[in-house]
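The values are calculated or read from the model by the stated rules, or taken from the named source; none is laboratory data. Computed from a prediction, not measured in an experiment: that's the story for all the values here. Cβ sites come from the backbone with ideal geometry, for glycine too, and all protein chains shown count toward neighbours.
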Amino acid sequence: MRRFIACALGVSALVMAMPVFANASSITWGAPTGISGDTDVSTSGTLVGAFNMGGVGIGSTTVNGVLFSALAVTTSDSSVTSGNFTLTTPFVFASNNNVGAGPAFLALSPSYRTLLRSEFGSIPGPGGATTTLTINALAPGSVYQFEWWLNAQTADPGIERTTATAGNSVTLLATANIAGIGQFAIGTFTADATGIETISFDGLPQNFLNGFQLREIPAPAAVPEPATLALLGTGLIGVGTRRWRNRRQRS
């Protein structure tokens with residue numbers, strides 16, 4: 001009986017010492033991954049929105065069953081909106097509909113090449129060269145997955161890069177290796193009470209991205225809050241103590 005009470009007390013003390021983590025909209029990024037094929041495109045959960053980005057004339061494309069809608073800009077634009085997604089820059093956008101080359105790029109499926117052949121970002125200007133993506137109308141407490149791509153043919157691998165920041169950061173290389181293709185990254189976050197997520201893109205010499213998608217994914221299994229576990233530990237102590245007293249009275 002003494003061991004039982006000591007164990008219950010230990011559980012209570014442990015859970016009371018556990019930190020309480022509040023939901024936040026910082027993105028937890030996975031490692032940058034080299035582009036290799038259609039299965040790079042995540043199909044987890046439910047699609048919220050996916051876009052193929054570039055200049056006027058680009059088309060939509062379906063990769064691994066995911067439809068990427070065309071989202072085009074001109075060099076006079078500083079903001080573009082599609083549904084709940086808005087991209088802005090302090091100066092004006094830049095775009096290129098003809099990036100990607102080499103055997104590794106040409107070995108990709110035609111639909112994947114369509115996604116990776118066009119790009120847009122921000123031209124450096126008086127306000128800098130940041131592209132900001134604002135996503136509205138998210139369900140507070142729901143878990144989302146964000147995936148984006150950076151690919152362009154450059155003379156020197158590793159020179160052109162773009163960093164995405166939303167609390168945490170991840171940097172992709174437009175040409176990650178001598179094979180001549182870039183990278184993608186996947187991150188997850190829990191929408192906060194505002195239902196708004198903001199991601200900024202900054203690059204060297206300027207930021208670019210080919211496309212992105214947002215998916216709502218199942219939340220991980222719930223973990224009891226420390227207060228609940230502490231209450232359980234207290235209840236165990238009470239039950240154990242009552243049984244011990246009853247046994248003593250009977251004897």
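So which of Phe120, Phe91 ends up being in the same structural domain as Ser42 (by TED's automatic domain parsing) and more than 24 Å from the chain's Cα centre (by Cα)? So the residue among Phe120, Phe91 that is in the same structural domain as Ser42 (by TED's automatic domain parsing) and more than 24 Å from the chain's Cα centre (by Cα) is Phe91.
Among the conditions (1) under 19 Å from Gly30 (Cβ atoms); (2) out of contact with any Leu (no Cβ under 7 Å at 6 or more places or on another chain); (3) at pLDDT below 95; (4) surrounded by 15 or more Cβ atoms within 10 Å (Cβ to Cβ), Asn177 misses just one, which is (4).
Per-residue answers, yes or no, for (1) crowded, with 20+ Cβ neighbours inside 10 Å; (2) touching a Cys at 6+ places or on another chain (Cβ under 7 Å); (3) closer than 30 Å to Asp192 by Cα; (4) of a type outside the set (Phe, Trp, Tyr):
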| site | (1), (2), (3), (4) |
| --- | --- |
| Ser78 | no, no, yes, yes |
| Thr88 | no, no, yes, yes |
| Ser109 | no, no, no, yes |
| Ile123 | no, no, no, yes |
| Leu133 | yes, no, yes, yes |
| Gln153 | no, no, no, yes |
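Only a single criterion out of (1) closer than 25 Å to Val63 by Cα; (2) among the polar types (S, T, N, Q); (3) surrounded by fewer than 17 Cβ atoms within 10 Å (Cβ to Cβ); (4) under 18 Å from the mean Cα position of the chain (by Cα) is not satisfied by Asn168, namely (1).
So which of Ala155, Ala164 ends up being closer than 21 Å to Met53 by Cα, in the same structural domain as Leu47 (by TED's automatic domain parsing) and either out of contact with any Ser or Thr (no Cβ under 8 Å at 6 or more places or on another chain) or part of a strand (DSSP E or B) (or both)? Outline the logic, then answer.
Details: Ala155 fails: closer than 21 Å to Met53 by Cα.
Result: Ala164 is the single residue among Ala155, Ala164 that is closer than 21 Å to Met53 by Cα, in the same structural domain as Leu47 (by TED's automatic domain parsing) and either out of contact with any Ser or Thr (no Cβ under 8 Å at 6 or more places or on another chain) or part of a strand (DSSP E or B) (or both).
Does Asn98 fit the bill of being within 19 Å of Leu150 (Cβ to Cβ) and either hydroxyl-bearing (Ser, Thr, Tyr) or part of a loop (DSSP other than H, G, I, E, B) (or both)?
On the way: within 19 Å of Leu150 (Cβ to Cβ): yes; either hydroxyl-bearing (Ser, Thr, Tyr) or part of a loop (DSSP other than H, G, I, E, B) (or both): yes.
Taking the combined requirement at face value, the residue satisfies it.
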